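What follows is a short report on a single structure.
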Amino acid sequence: MKIAFVGKGGSGKTTLSSLFIRHLAAMGAPVIAVDADINQHLGPALGLDDEQAADLPAMGARLPLIKDYLRGSNPRIASADTMIKTTPPGEGSRLLRVRENNPVYDACARPVELDGGAVRLMVTGPFTEADLGVSCYHSKTGAVELCLNHLVDGRDEYVVVDMTAGSDSFASGMFTRFDMTFLVAEPTRKGVSVYRQYKEYARDFGVTLKVVGNKVQGQDDLDFLRAEVGDDLLVTVGHSDWVRAMEKGRPPRFDLLEEPNAAALRTLRSAADAAYAGRDWERYTRQMVHFHLKNAQSWGNAKTGADLAAQVDPAFVLRESVAAPA
């Protein structure tokens, strides 16, 4: 299952995504965790110190390797240089699977040991001084989008992405790449404003969106969120001494997380698992192609000097039963 955590800056989405990742790992599930936020905080939230977090390999810096591997023997892609962030897979493309080992994971993922298990962590890499004035952050998240386009995941397999804050997620088609999107919202007017934006933008794309109320301190906060987001409110999370200790770099054992917050994480997993029954690989592939053609026309063809529409394989549908190329 592909799961995104979104929300305004400071809403607690990285904290909630890290808790959910810990919960999945404690249950023994295979997990790929991806930090796609401009502020690279997921590693520290999963217990890495500053030096370990700084040593994580940036996906954006390894984009040529990613493209070359995913291209495989796809005859519609003349060279890896003509691949862009939205390039869809086709016959002959190499696909990524959660449980396997492959050169992309070898180059870009690092194991993070957690209570009860381990996860693979991948990061886009920070926005550096060299990028200032010459680049936008979405060029870095392109490596994540390309990998998601080529990722085949099944039941009880999880890819959890901590997305960039606010409505910046809509600068690409990556917001359509998920089975479930959890929007973390505080019980404030600013807290729910991103929800309204996200709901409106995602309306025409079949995005499954649920709200996680964070920093909820009482009935008035709960009533406010219910009035603002209605049935999209899935669960709320309150104060956590466990989280406060984790933010100080001294997390207790994960099984000591307060029961109300542990129950909230179980609710998130149940909601994500329930989305499996509604998977529509044909729509997923159509949306992939839709955004690729938009990008090809607006900038991709000019940048690569190729007709990127020709990369679309009309007979190909990404699905769990797709066989790996020989």
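Values computed for the structure shown
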{"read-out": "Scan of segment 223-234 for residues that are more than 23 Å from the chain's Cα centre (by Cα) and open to solvent by 30 Å² or more (accessible area, probe 1.4 Å), ordered by number", "value": "ASP223, PHE224, ARG226, ALA227, GLU228, GLY230, ASP231"}
{"read-out": "Neighbours by Cβ (under 7 Å, 6+ apart or cross-chain): first from segment 197-216, closer than 17 Å to SER270 by Cα; second open to solvent by 40 Å² or more (accessible area, probe 1.4 Å)", "value": "LEU209/LYS199; LYS210/LEU234; VAL211/LEU234; VAL212/LEU234; GLY213/THR236"}
{"read-out": "Members of segment 59-73 that are in contact (Cβ under 8 Å) with a residue 24 or more places away in the chain, closer than 13 Å to HIS150 by Cα and touching a helix residue (DSSP H, G or I) at 6+ places or on another chain (Cβ under 8 Å)", "value": "ILE66, LYS67, TYR69, LEU70"}
{"read-out": "Number of the exception - VAL34 against (1) at pLDDT 95 or above; (2) not in a strand (DSSP E or B)", "value": "(2)"}
{"read-out": "Options ARG244, ARG196, ARG155, ARG250: the member that is under 30 Å from VAL322 (Cα atoms), modelled with pLDDT under 95 and surrounded by fewer than 18 Cβ atoms within 10 Å (Cβ to Cβ)", "value": "ARG155"}
{"read-out": "Those residues of segment 71-87 which are buried (at least 19 other Cβ atoms within 10 Å of the Cβ) and part of a helix (DSSP H, G or I), in sequence order", "value": "ARG71, THR82"}
{"read-out": "Breaking point among (1) open to solvent by less than 10 Å² (accessible area, probe 1.4 Å); (2) touching a strand residue (DSSP E or B) at 6+ places or on another chain (Cβ under 6 Å), for GLY90", "value": "(2)"}
{"read-out": "Test for LEU318: is it part of a loop (DSSP other than H, G, I, E, B) and either of a type outside the set (A, V, I, L, M, F, W, C) or in contact (Cβ under 8 Å) with a residue 60 or more places away in the chain (or both)", "value": "yes"}
{"read-out": "Subset tally (residues that are surrounded by fewer than 21 Cβ atoms within 10 Å (Cβ to Cβ) and at negative phi) for segment 105-116", "value": "7"}
{"read-out": "Condition check for ASP68: more than 20 Å from the chain's Cα centre (by Cα), surrounded by 15 or more Cβ atoms within 10 Å (Cβ to Cβ) and either among the charged types (D, E, K, R) or within 28 Å of LEU19 (Cα to Cα) (or both)", "value": "yes"}
{"read-out": "Qualifying residue in segment 19-26 (condition: surrounded by fewer than 18 Cβ atoms within 10 Å (Cβ to Cβ) and not small (Gly, Ala, Ser))", "value": "no"}
{"read-out": "Residues that are touching a residue at least 24 places away in the same chain (Cβ under 8 Å) and outside any loop (DSSP other than H, G, I, E, B), drawn from segment 302-315", "value": "LYS303, THR304, LEU308, ALA310, GLN311"}
{"read-out": "Segment 275-286 residues that are in contact (Cβ under 8 Å) with a residue 60 or more places away in the chain and assigned to a helix (DSSP H, G or I), paired with ones that are of a type in the set (Asp, Glu) and open to solvent by less than 80 Å² (accessible area, probe 1.4 Å) (beta carbon under 9 Å, 6 or more apart)", "value": "ALA275/ASP179; TYR276/ASP156; TYR276/ASP179; GLY278/ASP179"}
{"read-out": "Test for LEU96: is it touching a Cys at 6+ places or on another chain (Cβ under 8 Å), more than 27 Å from ARG22 (Cβ to Cβ) and at pLDDT 95 or above", "value": "no"}
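A quick yes/no check of all residues on (1) at pLDDT below 95; (2) in a helix (DSSP H, G or I):
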site	(1), (2)
LYS8	yes, no
SER17	no, yes
HIS23	no, yes
ALA29	no, no
ILE38	yes, no
GLN52	yes, yes
ILE66	no, yes
TYR69	no, yes
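The values are calculated or read from the model by the stated rules, or taken from the named source; none is laboratory data. Just so it is clear, the structure is predicted and the values come from calculations on it, not from any experiment. Quick reminder, even Gly has a Cβ in these numbers, built from the backbone with ideal geometry, and neighbours come from all protein chains shown. What goes into the accessible areas is simple: the full protein's heavy atoms, side chains included, and nothing from ligands, DNA or RNA. Shrake-Rupley method; radii C 1.70, N 1.55, O 1.52, S 1.80 Å.
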